[in-house]
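See structure below.
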Amino acid sequence: MSTVETLESAAEPPKPKHSHVGLVVNVGLILLAFGLLGWVLNQNRDKILEVVSRKLDLRLLLAGVLIFQTSLILTYLRWYALVRVIEPRFTLRSTLLLGFIGYVFNLVIPGAVGGDLIKAAYLVRMRIRKTQAVASMVIDRILGLLGLFVLASIAGAFAWNMTTSTGTPAPGVHRLILAVWLAAAAGVLLLAAIFGQVFTRFLPASKQPGHGRLAMIVSELKTMSTTYRTRLDVVFLGLALSVAGHALNVFAFYLMGKMLFPEMITTLGEHFLMGPLTLFTMAVPLPFGALGLSEGVGDQLFGLVGHPSGALAMMGFRVLMYSCGLIGACVYLANLKEVRGLTASAHDLEHEMIEGEFDDDEPAPAA
């Protein structure tokens, strides 16, 4: 089934129910995000005046956009490899199309269903079981986050004897590196537990009907295990693509720092330690990619290694994110009718996940 045919088949599902409570929560989160951003801007007002008073090297901005877009492509390819395990017919064209659209949903449409659910809804329309569709998204997310900590762990090994520009040991860096190593180890153990079906064995009640969301979570983990435990080569490929993509992001972050502060002495190696931890905060469910929170955390983390302003560098990195988001927006608008159908299907899928039971886990008969 072609991409267009599959998208069009999703054009007329039932309209999702809107929740006034959800609207209030979304508005509150948006206000919180902009409140945090305002606080960060106020804390860095002198640095902002310093930056706007000089001419910026826009070549670094262009290089950053190209590098960040490449990292996004690697993210799409990671999901492509994982989906091909459960559906060999899945095409690279579909991957790129859904990747761009999903990126827009995750980044610039507050209160909408997430881009992951949009992609999962598309897979369901391809007659893929709902548990498998969601499992492919979950393991993709796990590998994405684990890749951040693996990258920071490698950087931490090289940065153990890190000193500041004055030659003194960087305060708090050792504790930070140890925390990163523990987080990476926890991620590996989590994957091992999933593939070993530990959760299924220790939560036998979840196998029985009527156990709601817990039963669904364990069912998803079991599906993930049975689907990918025999394809660890694909899992390791996904992790490698995750690390490579995040490495490109950190390099782009470094270029934004050099553009804003040409005399910056914070090294690229130090960025590889602090950058992944700053970008990890974007996983927090705040609108616009944890706007405000990531800037505040980046300011604190990069302050440990003498960066002029981790907050402003993060804002520069957001310019890259939104620049690349324009491509996704164009793809979104070019497929607006079909995307509306997928959005409604995604809302239905989200509702079933909240309720803790898929109403039809068997693939529908072929049209």
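Quick look at the numbers
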quantity: Residue satisfying all of: in segment 291-330; β-branched (Val, Ile, Thr) and buried (at least 20 other Cβ atoms within 10 Å of the Cβ); nearest to the chain's Cα centre (by Cα) among these; calculated: Val297
quantity: Any hit, segment 84-97, residues being among the aliphatic types (A, V, I, L, M), surrounded by 20 or more Cβ atoms within 10 Å (Cβ to Cβ) and within 21 Å of Lys337 (Cα to Cα); calculated: yes
quantity: Residues (touching an Asp or Glu at 6+ places or on another chain (Cβ under 9 Å) and farther than 18 Å from Ser94 by Cα) located in segment 316-352; calculated: Arg318, Ala344, Asp348, Glu352
quantity: From the options Phe280, Phe261, residue that is touching a Pro at 6+ places or on another chain (Cβ under 7 Å) and of a type in the set (Phe, Trp, Tyr); calculated: Phe261
quantity: Single condition Val51 does not satisfy, out of (1) modelled with pLDDT of 85 or more; (2) under 25 Å from the mean Cα position of the chain (by Cα); calculated: (2)
quantity: Residue under evaluation Arg231, criteria (1) closer than 25 Å to Met274 by Cβ; (2) open to solvent by 60 Å² or more (accessible area, probe 1.4 Å); (3) modelled with pLDDT of 85 or more, criterion not met; calculated: (1)
quantity: Options Tyr122, Tyr103, Tyr80; residue that is farther than 30 Å from Leu312 by Cβ, open to solvent by 10 Å² or more (accessible area, probe 1.4 Å) and among the hydroxyl-bearing types (Ser, Thr, Tyr); calculated: Tyr80
quantity: Only one of Leu62, Leu56, Leu151, Leu49 that is open to solvent by 40 Å² or more (accessible area, probe 1.4 Å), touching a residue at least 60 places away in the same chain (Cβ under 8 Å) and under 27 Å from Lys258 (Cβ atoms); calculated: Leu56
quantity: Residue match in segment 60-72 (condition: out of contact with any helix residue (DSSP H, G or I) (no Cβ under 7 Å at 6 or more places or on another chain), part of a helix (DSSP H, G or I) and closer than 23 Å to Ala313 by Cβ); calculated: yes
quantity: Residue among Ala215, Ala247 that alone is surrounded by fewer than 21 Cβ atoms within 10 Å (Cβ to Cβ) and modelled with pLDDT of 95 or more; calculated: Ala247
quantity: Flag for Phe261 being surrounded by fewer than 22 Cβ atoms within 10 Å (Cβ to Cβ) and under 17 Å from Leu58 (Cβ atoms); calculated: yes
quantity: Residues that are over 13 Å from the mean Cα position of the chain (by Cα) and either modelled with pLDDT of 80 or more or open to solvent by 30 Å² or more (accessible area, probe 1.4 Å) (or both), drawn from segment 106-116; calculated: Val108, Ile109, Pro110, Gly111, Ala112
quantity: In segment 157-211, the residues that are in a loop (DSSP other than H, G, I, E, B) and at pLDDT 80 or above; calculated: Gly196, Gln197
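Each row is one residue, and each column tells you yes or no for (1) among the β-branched types (Val, Ile, Thr); (2) touching a Lys or Arg at 6+ places or on another chain (Cβ under 6 Å); (3) assigned to a helix (DSSP H, G or I).
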| site | (1), (2), (3) |
| --- | --- |
| Thr223 | yes, no, yes |
| Gly245 | no, no, yes |
| Leu255 | no, no, yes |
| Thr266 | yes, no, no |
| Gly269 | no, no, yes |
| Thr278 | yes, no, yes |
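The values are calculated or read from the model by the stated rules, or taken from the named source; none is laboratory data. Because the structure is a prediction, the values reported are computed rather than measured. Note that each Cβ is placed from the backbone with ideal geometry, even for glycine, and that neighbours are counted across all protein chains shown. Just so you know, the surface numbers come from the protein's heavy atoms only, side chains and all, with ligands and any DNA or RNA stripped out. Shrake-Rupley method; radii C 1.70, N 1.55, O 1.52, S 1.80 Å.
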